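First comes the structure, then the notes that go with it.
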Amino acid sequence: MSKIAFITGATSGFGKAIAQRFVAEGWNVVLTGRRKDRLDALVNELGGAARACGLCFDIRDEAATKDALRSLPAEFQALDALVNNAGLALGTGPADACDLGEWKTMIDTNVTGLVTITRLLLERLIAQHGLVVNLASIAASWPYPGGNVYGGTKAFVRQFSLGLRSDLSSRGVRVTSIEPGLSESEFTLVRTGGDKAAYDKLYRGAKPLQPEDIAETIYWVSSLPAHVNINSVEIMPVSQSWAPFQVHRETGA
Ligand SMILES: NC(=O)c1ccc[n+]([C@@H]2O[C@H](COP(=O)([O-])OP(=O)(O)OC[C@H]3O[C@@H](n4cnc5c(N)ncnc54)[C@H](OP(=O)(O)O)[C@@H]3O)[C@@H](O)[C@H]2O)c1
């Protein structure tokens, strides 16, 4: 019987590539997102209702999340993996220029949405001795100007992953925090409000990670022997590395 992976945020970027990779390896998948047209197209691409099930809901909405889970067909109920991928960044400005509503949207999606769905699916994952993979970011460990709340949400995801791992190690459930750096996807268009020039500038000449690189890493994590847990993976393109600490200097007099 095929294993089943539940992948949030599968309508683009990492989530879509993860779904394609797992199905190519014989898994069946549950796909989530708000854009129904994209979910339907991906379900078709992956082989239809026998291989994939699309659940359309906003992960910030607990009632909608519960309704969607109740609608899951019987053959997709036993979950071997949960990939908590849905998430976003909004804005790149300094904290005092940020919109409070955008901050709350990031917290509601990246933190509250992620823990809600994890809690709702946990018993099923324990029953299957399954795997939880959470998409954090290098922003969890490496602060940068303009990262403020986004980095805070991803630090939560990383620490939550390690805490879950502590709670679940006696239950045969594996937990991994995936922490990508510069990666090319719609993420940057969402973050900049659709600014294609900013998107092009960020990636130009940098050979960023591609969604397939993240999918490959997560498939590798899932395919290791059941007694092996990868706690965290920090992954960057070769072109990206660290800068010195910034020092602000007073000018004048
Ligand atoms: N790209 C990067 O540089 C990068 C680096 C490190 C970590 N990450 C993390 O990796 C994850 C995936 O990012 P990506 O690059 O693949 O971005 P992406 O292409 O913009 O995909 C984001 C996915 O999240 C879903 N999503 C967002 N808000 C949602 C909501 N309220 N309800 C349900 N689904 C929602 C979107 O689906 P709908 O819009 O259809 O709802 C979409 O499928 C995110 O958690 C991101 O923070 C990205």
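Brief remarks on what is shown
- Verdict on Ile126 being out of contact with any strand residue (DSSP E or B) (no Cβ under 8 Å at 6 or more places or on another chain), modelled with pLDDT of 95 or more and within 24 Å of Leu164 (Cβ to Cβ): yes
Conditions (1) within 28 Å of Ile230 (Cβ to Cβ); (2) among the hydrophobic types (A, V, I, L, M, F, W, C); (3) loosely packed, with under 12 Cβ neighbours inside 10 Å, marked per residue:
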{"site": "Leu164", "(1), (2), (3)": "yes, yes, no"}
{"site": "Gly172", "(1), (2), (3)": "yes, no, no"}
{"site": "Pro180", "(1), (2), (3)": "yes, no, no"}
{"site": "Ser185", "(1), (2), (3)": "yes, no, no"}
{"site": "Leu189", "(1), (2), (3)": "no, yes, no"}
{"site": "Thr192", "(1), (2), (3)": "no, no, no"}
{"site": "Ala198", "(1), (2), (3)": "no, yes, no"}
{"site": "Arg204", "(1), (2), (3)": "no, no, yes"}
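- Of all residue pairs spaced 6 or more apart or on separate chains, none has beta-carbon atoms under 6 Å together with a first member in the range 78-103 that is acidic (Asp, Glu) and a second member that is exposed (fewer than 14 other Cβ atoms within 10 Å of the Cβ).
- Answer residue from the range 206-229, given it is of a type outside the set (Gly, Ala, Ser) and over 21 Å from Gly9 (Cβ atoms) and is surrounded by the fewest Cβ atoms within 10 Å (Cβ to Cβ) among those: Pro225
- Within the range 196-252, tally of residues that are more than 16 Å from the ligand (Cβ to nearest atom) and more than 25 Å from Val157 (Cα to Cα): 10
- Just one of the numbered conditions (1) acidic (Asp, Glu); (2) closer than 30 Å to Pro244 by Cβ; (3) away from the ligand (no atom under 16 Å from the Cβ) is not true of Glu179: (3).
- Contact map, the range 235-250: first residue under 18 Å from Ser137 (Cβ atoms), second residue assigned to a loop (DSSP other than H, G, I, E, B) and aromatic (Phe, Trp, Tyr), Cβ cut-off under 8 Å, separation 6 or more or different chains; pairs are Trp242/Trp142.
- Selection status of Ser166, over 16 Å from Ser222 (Cα atoms), of a type in the set (Ser, Thr, Tyr) and more than 13 Å from the chain's Cα centre (by Cα): yes
- Here Ile126 meets the list (1) touching a helix residue (DSSP H, G or I) at 6+ places or on another chain (Cβ under 6 Å); (2) buried (at least 17 other Cβ atoms within 10 Å of the Cβ); (3) not small (Gly, Ala, Ser) almost entirely, failing just condition (2).
- Flag if Glu62 is closer than 22 Å to Asp213 by Cα, among the charged types (D, E, K, R) and more than 9 Å from the ligand (Cβ to nearest atom): no
- Residues (free of Cβ contacts under 8 Å to residues at least 60 places away in the same chain and either in a helix (DSSP H, G or I) or aliphatic (A, V, I, L, M) (or both)) located in the range 208-217: Leu209, Asp213, Thr217
- Residue within the range 218-232 that is under 27 Å from Thr112 (Cα atoms) and in a strand (DSSP E or B) present: yes
The values are calculated or read from the model by the stated rules, or taken from the named source; none is laboratory data. Treat the numbers as computed from the prediction; the structure is a model and nothing was measured. Here Cβ is always computed from backbone atoms with ideal geometry, including for glycine, and neighbour counts include all displayed protein chains.
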